[in-house]
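Q: Handing you a structure now.
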Amino acid sequence: MASLIQMDVHVQEENANQTENTVPSCIRCDMPMEAGFLLDHGHGTNFQTVWCKGTVQHSIWVGIKQAQVATGIPTTSYRCPQCGYLETYAIPTPPTPD
């Protein structure tokens, strides 16, 4: 059990230090990870997954309420080339000045 707690603390530290310009190291084998994305496939289209705050708010017509989806943050995933471990981050992009 102590190793799971130590791993969770390590993941929290990695997440706190994570930015778009850094590449995390695998928490299992300490290898540099490869950036990528998770594919969401449905109804003949492909999308990048997004993280949405809160619990799912279902809609009768479109599956999930669009207001919730519109505020979602695209995710970036990192994969360890040695062991296959995945980490996924939702890093908001700064707003562009008008």
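Quick note: the coordinates plus some simple rules give every number you see, no bench work behind them. Predicted model, so just to flag it, every value in this text is computed and none were measured. Please note: Cβ atoms are built from the backbone with ideal geometry, for glycine as well, and neighbour counts cover all protein chains shown.
Q: Just check region 42-98 against the gyration tensor rule for me: Cα atoms, a ≥ b ≥ c as the square roots of the eigenvalues, rounded for a/c under 1.5, and otherwise prolate or oblate depending on whether a/b exceeds b/c. Walk me through the numbers before you get to the answer.
A: Details: a/c = 2.10, a/b = 1.36, b/c = 1.55.
Oblate, because a/c is 1.5 or more while a/b does not exceed b/c.
Q: Compute the length gained on full extension between HIS43 and GLN82: take 0.36 nm times their separation in residues and subtract their Cα-Cα distance, giving the result in nm to one decimal. The partial results should precede the final answer.
A: Details: separation 39, 0.36 × 39 = 14.04 nm, distance 3.36 nm.
Full extension of this stretch gives 10.7 nm more.
Q: Going by average Cβ density within 10 Å per residue, which order do the peptides 86-92, 58-64 take, highest to lowest? Before the final figure, lay out each step's value.
A: Working: 86-92: 13.7, 58-64: 9.6.
Per-residue mean Cβ counts within 10 Å order the peptides as 86-92, 58-64.
Q: Please give me the summed charge of the neighbours of CYS83: other residues whose Cβ is under 14 Å from its Cβ, Lys and Arg +1, Asp and Glu -1.
A: Working: positive: ARG28, ARG79; negative: ASP30, GLU34, GLU87.
Within the 14 Å Cβ shell, the charges total -1.
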